[in-house]
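The values are calculated or read from the model by the stated rules, or taken from the named source; none is laboratory data. Here the structure is a predicted model, which means the values were calculated and not measured. Virtual Cβ from ideal backbone geometry, glycine too; neighbours counted across all protein chains shown. These area figures cover heavy atoms from the full protein model, side chains too; ligands, DNA and RNA do not enter into them. Shrake-Rupley method; radii C 1.70, N 1.55, O 1.52, S 1.80 Å.
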Amino acid sequence: MQEYNFDGLVGPTHSYAGLSHGNLASAAHAGHVGNPRAAALQGLEKMRFVASLGAYQAVLPPQPRPDVAALRSLGLTGDDRAVLAVAAREHPQLLRLCSSASAMWTANAATVAPSDDSEDRKLHLTVANLVSMFHRSLEAHTTTRVLRRIFADRERFAVHPALPAAELLSDEGAANHTRLCTDAATVHLFAYGRSTFRPGALPRSFPARQSLEASEAVSRLHRLLPEQCVFWQQDPAGIDAGAFHTDVLAVGNANFLMLHERAFVETQALLEQLQRRLGGGLRLCVATEGELAAATAVKTYPFNSQLLSLADGSMVIVAPSEASSDAQASRFLERVVDEANPVRAVHYIDVNASMKNGGGPACLRLRVPLTDGERQAVSARVFFDEALYAELKAWIERHYRDRLTPTDFADPALLNEVYSALDELTRLLALGSVYDFQRSAP
Ligand code: SUG
């Protein structure tokens, strides 16, 4: 089994609209002028870098935005041009929400369980409903279609639709899920921010996006046994410090977990439980508030790194360059490399366009462990190589604007550009017609 990192290609409407309450970077950069072309190229270079390390890389396509169908579902009428014009004039906030390129953060696309772990030996993916943020909830429909197209073989793959769109089942996908394994055992660590049936402390200022009830439902859909699962609450103080997803303050891979002490409640009890289940092979590294303030971790994202296993069994960290410019964050990552754990090196990478919306390297990828047979069963051309890199680069350069502000969302020419770019992309990636605009006249 190898882990494939499915990165989201940054979409042609990448912008800074300040849409995510509780995501401090999103709020801080609201109104900045976007450069979708540069943002998409930055993401593509990250994929190339990860692939160059010997890790397995793949891509997921962006989604069509502005989402005119969503605007229609809110009562706006007329042809596309009329809907966009009314939205811009009378409902600019709705237009911004329906135009976000947020599907680029594929760590939120779905939660994944490899076939090795599942009772029925299938690879399971459950699409996230993302109901806690309206602009993100619009992603689930197309994500389901894309994942079903890629993981089409029903004998091997089960792609579950998003959980019902209710607060009880608010689900943010893999950003709150960590799979750990040692020679002794495998544990799926599901983190949640709140529970309806077992209410506990809540953050005071910001929303807790993931519910325990959603995490439990996902674990059942994935046919995991109770002894494979740990459900643990995110620290409300961490959420209030801006850690809207667990992956802002913790990241794990195989037998290694690094986390901030504000990531979870009762950190010590959690670590003891993990140690009990996973045995002596588990390596842990905890940053205290004194070593690295949660506020600094939220600003510079050292935990939103990719922890990649390489062929020789060692691991490397791919961290955002913001973490290298901060003394506390970079010292912490150096300590991780120095200590007795599998991590050999830290590489810093520039994904600033994504960081300004609260998305670091780890947010930009969905980890999908695949066996060779499963890899062969995927016919879409989503696996990264130099030829695909070159074609995607040329495609971005051909279709993307280098300047975008929220007023541009009303431009009917933008919608046409997006449709023709994405139509071409589905051919390039051999995905067939996955978008609504390719399937039916409005
Ligand atoms: O859901 N930002 C995303 C960032 C997601 C990061 N993902 C993980 N941590 N896994 C969010 O808050 C902001 C868009 C804007 O404001 O324009 C946004 O949606």
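Things to note:
- Qualifying positions in region 228-257 - touching a Lys or Arg at 6+ places or on another chain (Cβ under 8 Å), part of a helix (DSSP H, G or I) and open to solvent by 10 Å² or more (accessible area, probe 1.4 Å): PRO236, ALA237, ASP240
- Test for ARG65: is it crowded, with 24+ Cβ neighbours inside 10 Å, of a type in the set (D, E, K, R) and in contact with a helix residue (DSSP H, G or I) (Cβ under 9 Å, 6 or more places away or on another chain): yes
- Of the criteria (1) closer than 30 Å to GLY18 by Cα; (2) buried (at least 21 other Cβ atoms within 10 Å of the Cβ); (3) in contact with a Pro (Cβ under 8 Å, 6 or more places away or on another chain), which one LEU414 fails: (2)
- The numbered conditions (1) out of contact with any helix residue (DSSP H, G or I) (no Cβ under 7 Å at 6 or more places or on another chain); (2) aliphatic (A, V, I, L, M); (3) under 29 Å from HIS124 (Cβ atoms) are all true for ALA387 except (3).
- Those helices (runs of 4 or more DSSP H) lying entirely in region 303-403 with at least 3 residues away from the ligand (no atom under 16 Å from the Cβ) and buried (at least 20 other Cβ atoms within 10 Å of the Cβ): 327-338, 386-399
- The lone criterion from (1) in a helix (DSSP H, G or I); (2) open to solvent by less than 30 Å² (accessible area, probe 1.4 Å) left unmet by GLU272 is number (2).
- Checking VAL10, VAL33 one by one, the residue that is farther than 21 Å from SER132 by Cβ, in contact (Cβ under 8 Å) with a residue 24 or more places away in the chain and open to solvent by less than 10 Å² (accessible area, probe 1.4 Å) is VAL10 and no other.
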